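Chemist: My questions will all concern the structure given below.
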Amino acid sequence: MEVIKISPRGYCYGVVDALKIVRQAAKDAALPRPIYVIGQIIHNRHAIEELSGMGVITLDGPDRLTILEQVKEGTVIFTAHGVSPLVKQRAQERGLHCIDATCPDVTVTHDLVRDLVAKGYYIFYIGKKGHPEPEGVMGEVPGHASLIETEADVDAVTLTPEQEKKLAVSTQTTLSWWDTQRVVQYIKQRYPQTEIFVDICRATQTRQEAVAEQAQGADLTIVVGDPRSNNTNRLVQVSEELAGVPAVRIEDLSQLKEEWLKGKKRVAVTAGASTPSQLTRAVIRFLEDYQPGA
């Protein structure tokens, strides 16, 4: 079987930095205990299990403020997805030691929407509902932004004449570049005066472009990553819609079904930006050694 090892794939620098921050915190005896991560530091179960083994407690819940309410003392780490100013304020009010592991690309978006609103803009923020990144960004400018996932969401927004004068678009960093452009164009058609700021991070974009180009001609694309990872799920979509190749997402080798490989001669492999490289390497090794019926 021919294995197409799509590159780039796997960890981006924001994920690497976030994990480094948590590992250093776990080793720092001077930090107040317990050490909690408010939400999943990155969307990958295996990475979280590793940190748990180091004594770091991952808390989860419907939103960051609700999660924070579980913490009475110690240290809290804010994840790579970022949090709203209200979450940071509440943590400080409770006397918690705070460590911020927000991805620098996400911080850029926080700064952008805050600056735009200060200049009088209303924001169409394109993002995934229920994802922690939009929660944090929109928390910067409550009442001055609408979360947009589809064209229908644009139609559902009611703007005042004053708001219509100054409109801007900002985006979640881990979206599909192509889906985002479709929504952006719809907004521009309806509100031609809108200023556009597409904040999809370079790492996300290059991984999507790599799949669109390198998976072509494969019989199947295997995407290694966590089901909660938005950028991982987008890679599946890119393979199917842009490369024209069926795709499956697995967390690790244990989820790979040999029936998927039946009749396949060329299989492409990639991984989400929050997927540990050893998980992807294990899948590649299996495929390279795979012999049907062996």
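Chemist: Hey, could you check segment 244-294 for residues that are in a helix (DSSP H, G or I) and among the acidic types (Asp, Glu) and say which is surrounded by the fewest Cβ atoms within 10 Å (Cβ to Cβ)?
Modeler: Selected residue: 259.
Chemist: Going through 157, 198 one at a time, which residue ends up being within 27 Å of residue 273 (Cα to Cα) and either modelled with pLDDT under 95 or among the aliphatic types (A, V, I, L, M) (or both)?
Modeler: The match here is 198.
One line per residue, one yes/no per condition, for (1) hydrophobic (A, V, I, L, M, F, W, C); (2) within 27 Å of residue 200 (Cα to Cα); (3) in the same structural domain as residue 275 (by TED's automatic domain parsing):
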site	(1), (2), (3)
44	no, yes, no
51	yes, no, no
54	yes, no, no
61	no, yes, no
65	yes, yes, no
86	yes, yes, no
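Chemist: So is residue 236 surrounded by fewer than 21 Cβ atoms within 10 Å (Cβ to Cβ), assigned to a strand (DSSP E or B) and at negative phi or not?
Modeler: When the stated conditions are applied, residue 236 does not pass them.
Chemist: When you scan segment 274-291, do you find a residue that is among the small types (Gly, Ala, Ser) and touching a residue at least 40 places away in the same chain (Cβ under 8 Å), even just one?
Modeler: Yes - at least one qualifying residue is present in segment 274-291.
Chemist: Are any residues in segment 103-138 out of contact with any His (no Cβ under 9 Å at 6 or more places or on another chain), over 18 Å from residue 187 (Cα atoms) and among the small types (Gly, Ala, Ser), and if so, which ones?
Modeler: Within segment 103-138, 118, 120, 130 qualify.
Chemist: So which residues in segment 23-82 are touching a Pro at 6+ places or on another chain (Cβ under 7 Å) and at positive phi, if there are any at all?
Modeler: Selection gives 39, 74.
Chemist: Given the conditions (1) crowded, with 22+ Cβ neighbours inside 10 Å; (2) modelled with pLDDT under 95, report the number of the one that residue 113 does not fulfil.
Modeler: (2)
Chemist: So is residue 225 surrounded by fewer than 22 Cβ atoms within 10 Å (Cβ to Cβ) and not assigned by TED's automatic domain parsing to the domain that holds residue 154 or not?
Modeler: Criteria not met by residue 225.
Okay, residues lined up against (1) touching a Ser or Thr at 6+ places or on another chain (Cβ under 9 Å); (2) in the same structural domain as residue 109 (by TED's automatic domain parsing); (3) closer than 29 Å to residue 87 by Cβ:
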{"position": "136", "(1), (2), (3)": "yes, yes, yes"}
{"position": "144", "(1), (2), (3)": "no, yes, yes"}
{"position": "154", "(1), (2), (3)": "yes, yes, yes"}
{"position": "171", "(1), (2), (3)": "yes, yes, yes"}
{"position": "185", "(1), (2), (3)": "no, yes, no"}
{"position": "221", "(1), (2), (3)": "yes, no, no"}
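The values are calculated or read from the model by the stated rules, or taken from the named source; none is laboratory data. Quantities reported herein were computed from a predicted structural model and do not represent experimental measurements. A quick note on method: Cβ atoms are made from the backbone with ideal geometry, for glycine too, and the neighbour counts reach across all protein chains shown.
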